[in-house]
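Note sheet for the following structure.
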Amino acid sequence: MKIKKIETFSTKYLAFVKVITDTNDIGWGQMSTYNADITTQIFHRQVAPWSIGFELDEEKPNFSDHLQIILEREHKFPGSYLLRALSGLDTALWDLYGKLKEKPVASLIGGSPKKIRVYGSSMRRDITPKNESLRLCKLRDQFGITAFKFRVGSECGRDKDEWDGRSKDIVKTLSKDLGDKVDKLVDGNSCFSPLKAIELGEFMSDLGICHFEEPCPYWEHDQTKIVKDALRIDVAGGEQDCDISTWKSTLGKRIVDIAQPDVMYMGGMYKTLEVANMAHQIGMPCTPHAANLSLVTICTMHLLTAIPNAGKYLEFSIEDESYYPWQKNIFNGDPFKIEDGLIEVTNEPGWGVEINSHWLENSQYMISE
Ligand SMILES: [Mg+2]
């Protein structure tokens, strides 16, 4: 069974990949979101040409080394875009094998269909503590969500709050309003110097916050390590790190307590499983980054059923079309239904989702064959 052609359907924000074999078997995957039209160009230039004609084993997935070979052939182009593109191939091939074997991807990678606890993940900083509290409490009561993450500092903010005093205000407000039964996580998005991060971290520990994500500029590994060593609160990070060698180094130095690879930044499931496994070897939980309701969240759901060091919950974006206009009507039905704070990985083959044909018709089509 050979890969015969690969089609892509892209917009500026989102791109899907359809792999078709000479036996007319099909798998659907996705590249990472944002500048997905650029990623698509890279896909057809640097990923697809190595993959057309690739012989797939009909019995079991045999493409792990093929993904690595693409990176070796393109070794002059290390970095995010190539890996974002590679994710499209990896995730389409997992879907293809799922459909061939009539099993969900979860079952192919050592997991099984089940319900997973989610944490509601806020993306907003322009929101006042009071209004953030209103919407998170509403989601808690409506969907039974038992954990939430909200934002402190400002993005790569050089120690500046979004506005003066917001970080401590929102921690105080949400700590009180969400209550003791809800896990409370915060994300600093690379805002703080170690000194400020430790000061805020201690304040947050006293108020019951359990997870401090990306406290320092993510590329400053030693700064993150200082904060992690100083605080009782779990320090989490790694969402931007897409390179295996970076992970080897940061896991080796234990700069965080919780590893957060992103399936779509990493180059797909194989590479993310590799990171999760390396974290497992050192006894570290893995709570992947999944910041929007595209295929990245679906892939992460399947992954969490399979890894022994799965963190306590799935990141689940609470933002709707007002924040992510491109997120609307991507899939048929509702694969993101939450009940009692849980989301379900179903028994459907592959990723178990169907892309909306109307969305595909309105995207840009390209083919490699
Ligand atoms: Mg984050």
Can you tell me which of (1) farther than 30 Å from residue 14 by Cβ; (2) buried (at least 19 other Cβ atoms within 10 Å of the Cβ); (3) more than 16 Å from the ligand (Cβ to nearest atom) is the one residue 269 doesn't meet? (1)
Quick one: in the stretch 126-152, of everything that is in contact (Cβ under 8 Å) with a residue 40 or more places away in the chain and part of a loop (DSSP other than H, G, I, E, B), which residue is surrounded by the fewest Cβ atoms within 10 Å (Cβ to Cβ)? 144
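Taking the stretch 245-263, which residues are surrounded by 18 or more Cβ atoms within 10 Å (Cβ to Cβ) and either within 14 Å of the ligand (Cβ to nearest atom) or β-branched (Val, Ile, Thr) (or both)? Show your work before the answer.
First, pick out the residues of the stretch 245-263 that are surrounded by 18 or more Cβ atoms within 10 Å (Cβ to Cβ): 247, 250-251, 255-256, 258-263.
Selection gives 250, 255, 256, 258, 259, 260, 261, 262, 263.
Of the residues that make up the stretch 120-140, is at least one of a type in the set (Gly, Ala, Ser), under 29 Å from residue 44 (Cα atoms) and modelled with pLDDT of 95 or more?
The answer is no; no qualifying residue exists.
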What are the residues in the stretch 217-236 that are out of contact with any helix residue (DSSP H, G or I) (no Cβ under 6 Å at 6 or more places or on another chain) and within 15 Å of the ligand (Cβ to nearest atom), if any? 217, 218, 219, 224, 234, 236
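Give me a count of the residues in the stretch 205-216 that are within 16 Å of the ligand (Cβ to nearest atom) and either in a loop (DSSP other than H, G, I, E, B) or of a type in the set (S, T, N, Q) (or both).
First, the residues of the stretch 205-216 that are within 16 Å of the ligand (Cβ to nearest atom): 209-216.
With either in a loop (DSSP other than H, G, I, E, B) or of a type in the set (S, T, N, Q) (or both) added as a condition, the list becomes 214-216.
Total meeting the criteria: 3.
Can you say whether residue 181 is under 29 Å from residue 141 (Cβ atoms), assigned by TED's automatic domain parsing to the domain that holds residue 152 and of a type in the set (Lys, Arg), as far as the supplied structure shows?
Details: under 29 Å from residue 141 (Cβ atoms): yes; assigned by TED's automatic domain parsing to the domain that holds residue 152: yes; of a type in the set (Lys, Arg): yes.
Yes: the conditions hold for residue 181.
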Flag if residue 239 is more than 30 Å from residue 63 (Cβ to Cβ), touching a residue at least 40 places away in the same chain (Cβ under 8 Å) and either within 14 Å of the ligand (Cβ to nearest atom) or buried (at least 18 other Cβ atoms within 10 Å of the Cβ) (or both): no
Tell me whether the stretch 218-228 contains one or more residues that are within 24 Å of residue 120 (Cβ to Cβ) and in the same structural domain as residue 150 (by TED's automatic domain parsing). yes
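Can residue 314 be described as within 16 Å of the ligand (Cβ to nearest atom) and in the same structural domain as residue 257 (by TED's automatic domain parsing)? Walk me through how you get there before you give the answer.
Working: within 16 Å of the ligand (Cβ to nearest atom): yes; in the same structural domain as residue 257 (by TED's automatic domain parsing): yes.
Taking the combined requirement at face value, the residue satisfies it.
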Residue check, residue 174 within 22 Å of the chain's Cα centre (by Cα), assigned to a helix (DSSP H, G or I) and either away from the ligand (no atom under 16 Å from the Cβ) or under 23 Å from residue 322 (Cα atoms) (or both): no
Can you tell me which residue in the stretch 1-36 is farthest from residue 331 (Cα to Cα), limited to those that are touching a residue at least 60 places away in the same chain (Cβ under 8 Å) and acidic (Asp, Glu)? 25
I'd like to check something: does the stretch 288-297 contain any residue that is in contact with a helix residue (DSSP H, G or I) (Cβ under 6 Å, 6 or more places away or on another chain), within 21 Å of residue 235 (Cα to Cα) and buried (at least 20 other Cβ atoms within 10 Å of the Cβ)? yes
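Quick one: would you say residue 279 is farther than 20 Å from residue 65 by Cβ, more than 16 Å from the ligand (Cβ to nearest atom) and either part of a helix (DSSP H, G or I) or not assigned by TED's automatic domain parsing to the domain that holds residue 98 (or both)?
Numbers: farther than 20 Å from residue 65 by Cβ: yes; more than 16 Å from the ligand (Cβ to nearest atom): yes; either part of a helix (DSSP H, G or I) or not assigned by TED's automatic domain parsing to the domain that holds residue 98 (or both): yes.
Spelling it out, residue 279 is indeed farther than 20 Å from residue 65 by Cβ, more than 16 Å from the ligand (Cβ to nearest atom) and either part of a helix (DSSP H, G or I) or not assigned by TED's automatic domain parsing to the domain that holds residue 98 (or both).
The values are calculated or read from the model by the stated rules, or taken from the named source; none is laboratory data. On a predicted model such as this, the values are computed, not experimentally measured, just so you know. Don't worry about glycine lacking a Cβ; one is built from the backbone with ideal geometry, like all the others, and counts go over all protein chains shown.
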